[in-house]
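K.L.:
Structure below; questions to follow.
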Amino acid sequence: MWQPGKGDLETGNSNALYPGMVENAELRWAFIRKIYSIVAIQLLLTAMVAAVIVFVRPIAIFFAKTPAGFLLYIVILIIPFIVLCPLYHYHDRHPLNLFLLGLFTVTLSFGVGMSCAFTKGKIILEAAILTAVVVVSLTQYTFWAAKRGHDFSFLGPFLFAATILLMVFGLIQMLFPLGRTGVMIYALLGALIFSAYIVYDTDNIIKRFSYDEYIIASVSLYLDIINLFLNLLTILRELDG
């Protein structure tokens with residue numbers, strides 16, 4: 001994350017994140033640190049859950065190879081989407097918001113673990129490294145650009161339209177499989193879209209999210225990172241053949 005430097009201290013505006021910032025900069029920096037701390041905990045929890053599923057083979061085999069396990073797997077995949085509604089509604093209700101956030105993260109992490117369960121360890125590691133590089137680079141860029149007066153709110157409508165397009169593409173892929181080429185195109189589009197979402201949501205964290213929306217901001221950024229990882233994982237898996 002970009003941090004204010006010595007040159008800013010000389011201007012008397014050491015903590016301002018963007019030109020014309022009128023709110024208390026220290027409060028905004030504290031808010032940003034809080035969000036990134038929550039996202040870091042979510043990612044650590046995701047890695048732990050996924051590691052258990054990957055290394056304890058009977059778990060993945062049960063959910064992937066047995067009818068009862070597969071049905072339970074579908075139920076677990078649906079839970080995060082159900083939890084999102086009360087999570088957004090009670091985002092400022094402590095400690096309920098943290099409980100819902102934990103439930104959302106664990107159940108979503110289960111899906112990530114199943115995606116990794118039958119993938120080579122080398123590919124998982126490559127996808128994780130690429131994701132980390134992209135996230136850090138785009139985060140640094142967004143803070144740098146915001147400091148120089150750039151605004152990325154214009155991406156909102158385009159990203160919404162792109163997400164709808166991606167969902168329709170995914171539905172078509174499910175009903176009428178397009179083969180490896182179709183999977184590669186879908187994953188590549190997904191990686192590009194969620195890379196743009198990282199910039200968009202980081203810009204919102206810097207400028208627009210209110211202080212009591214830290215849960216919403218954390219969920220948004222966490223989903224961007226997880227979706228980017230899953231799409232990169234798909235690309236590398238298909239390239240590996």
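K.L.:
Inside segment 130-168, can you point out the residues that are out of contact with any helix residue (DSSP H, G or I) (no Cβ under 7 Å at 6 or more places or on another chain) and under 30 Å from F62 (Cβ atoms)?
P.N.:
M167, the sole residue that qualifies.
K.L.:
Okay, next question. Of the residues A161, A217, which single one is part of a helix (DSSP H, G or I), out of contact with any Pro (no Cβ under 6 Å at 6 or more places or on another chain), loosely packed, with under 12 Cβ neighbours inside 10 Å and among the small types (G, A, S)?
P.N.:
A161
K.L.:
Can you name every residue in segment 110-143 that is modelled with pLDDT under 95, among the hydroxyl-bearing types (S, T, Y) and in a helix (DSSP H, G or I)?
P.N.:
S115
K.L.:
Residue pairs, Cβ under 7 Å, 6 or more apart or interchain, first in segment 83-103 and touching a residue at least 24 places away in the same chain (Cβ under 8 Å), second of a type outside the set (A, V, I, L, M) and surrounded by fewer than 14 Cβ atoms within 10 Å (Cβ to Cβ). List them.
P.N.:
Between residues of segment 83-103 that are touching a residue at least 24 places away in the same chain (Cβ under 8 Å) and residues that are of a type outside the set (A, V, I, L, M) and surrounded by fewer than 14 Cβ atoms within 10 Å (Cβ to Cβ), the close pairs are D92/D212.
K.L.:
Looking only at segment 87-109, which residues are part of a helix (DSSP H, G or I) and either buried (at least 16 other Cβ atoms within 10 Å of the Cβ) or of a type in the set (S, T, Y) (or both)?
P.N.:
Scanning segment 87-109 gives L87, Y88, N97, L100, L101, L103, F104, T105, V106, T107, L108, S109.
K.L.:
OK, next. Checking the structure you have, find out if any residue of segment 116-135 is among the aromatic types (F, W, Y) and surrounded by 15 or more Cβ atoms within 10 Å (Cβ to Cβ).
P.N.:
The answer is no, given that none of the residues of segment 116-135 is among the aromatic types (F, W, Y) and surrounded by 15 or more Cβ atoms within 10 Å (Cβ to Cβ).
K.L.:
If you check G170, G156, G149, which single one turns out to be in a loop (DSSP other than H, G, I, E, B) and either in contact (Cβ under 8 Å) with a residue 40 or more places away in the chain or under 20 Å from the mean Cα position of the chain (by Cα) (or both)?
P.N.:
Result: G149 is the single residue among G170, G156, G149 that is in a loop (DSSP other than H, G, I, E, B) and either in contact (Cβ under 8 Å) with a residue 40 or more places away in the chain or under 20 Å from the mean Cα position of the chain (by Cα) (or both).
K.L.:
Only one residue in L77, L45, L71, L84 is loosely packed, with under 12 Cβ neighbours inside 10 Å and not small (G, A, S). Which one?
P.N.:
Testing whether each residue is loosely packed, with under 12 Cβ neighbours inside 10 Å and not small (G, A, S) leaves just L71.
The values are calculated or read from the model by the stated rules, or taken from the named source; none is laboratory data. It should be emphasised that the depicted structure is a prediction, and the values quoted were computed from it without experimental measurement. Note that we place each Cβ from the backbone using ideal geometry, even for glycine, and neighbour counts take in every protein chain shown.
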